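Okay, so here's the structure we're looking at.
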Amino acid sequence: MAKIEREAQYEWAVKRVEALLPLVGDDAPEDDPARIELELLSELVSEYSEEHFAIGEPSLVDILKLRMYEMGLTQKGLADLLGISPSRLSDLLAGKCEPTIKTARTISRKLDIDAAIVLGV
């Protein structure tokens, strides 16, 4: 199968997908030319996007900051919730240290963060 190799091709394909979307409903037959074109172009756009615009996995620091925002917590409030000192939390948020197993468990449970992310695996 063909592959999008240049950004100009990608931009054209994205515009074409956007033009096809209103034309292809959920009930479109599988042999509808617009549906076939949409499916093929969508796959090509997706592959190019994953290769060139991948965001990557979030870090523990990113997730901790997001949870602080979502929960309306300050660093002191989060430190209290986790049962660690504010200076220890500051070091975690600065990436200067890793959480202990006990702290990792607490982060995972109290903030509902997957243990694999907390442990960096």
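Here, each number is a calculation from the coordinates, and none is a lab measurement. A quick note: this is a predicted structure, and the numbers were derived from the prediction, not measured. Here the Cβ is made from the backbone with ideal geometry for all residues, glycine too, and neighbour counts use every protein chain on show.
What to note about this one:
- Measuring between their Cα centroids, segment 17-31 and segment 41-113 lie 39 Å from each other.
- Most mobile listed residue (ILE107, ILE36, ILE63) in the chain, GNM with C-alpha springs under 10 Å: ILE36
- Crossing angle, helix 101-111 versus the chain [Cα axis fit, 0-90 degrees, rounded to tens]: 60 degrees
- Percentage relative contact order, the chain, counting C-alpha pairs under 8 Å, at least six apart: 19 percent
- For the chain: rounded, prolate or oblate by the Cα gyration tensor [a/c cutoff 1.5]: prolate
- Cβ-derived FRET efficiency at R0 41 Å, ASP26 paired with TYR69, nearest 0.05: 0.70
- Reachable lysines, given that their alpha-carbon falls under 30 Å from the alpha-carbon of LYS15 and they are not under 8 places away in the same chain: LYS3
- For the chain, the longest piece that avoids every one of the GluC sites (Glu not before Pro) found in DSSP loops with at most 16 other C-beta atoms within 10 Å covers 31-121.
- Among the chymotrypsin sites (Phe, Trp or Tyr not before Pro) found in segment 35-121, those both in a DSSP coil and sparsely packed, with 16 or fewer other Cβ atoms within 10 Å of their Cβ, are PHE53.
- Taking 18 Å as the straight-line reach from the Cα of LYS96, the aspartates and glutamates in range (excluding those fewer than 8 positions away in the same chain) are ASP62.
- Dipole magnitude for the chain: about 1360 debye, using +1 per Lys or Arg Cβ and -1 per Asp or Glu Cβ, origin at the Cα centre.
- Exposed trypsin sites (Lys or Arg not before Pro) absent - longest run of the chain, DSSP non-H/G/I/E/B, at most 12 other C-beta within 10 Å: 7-95
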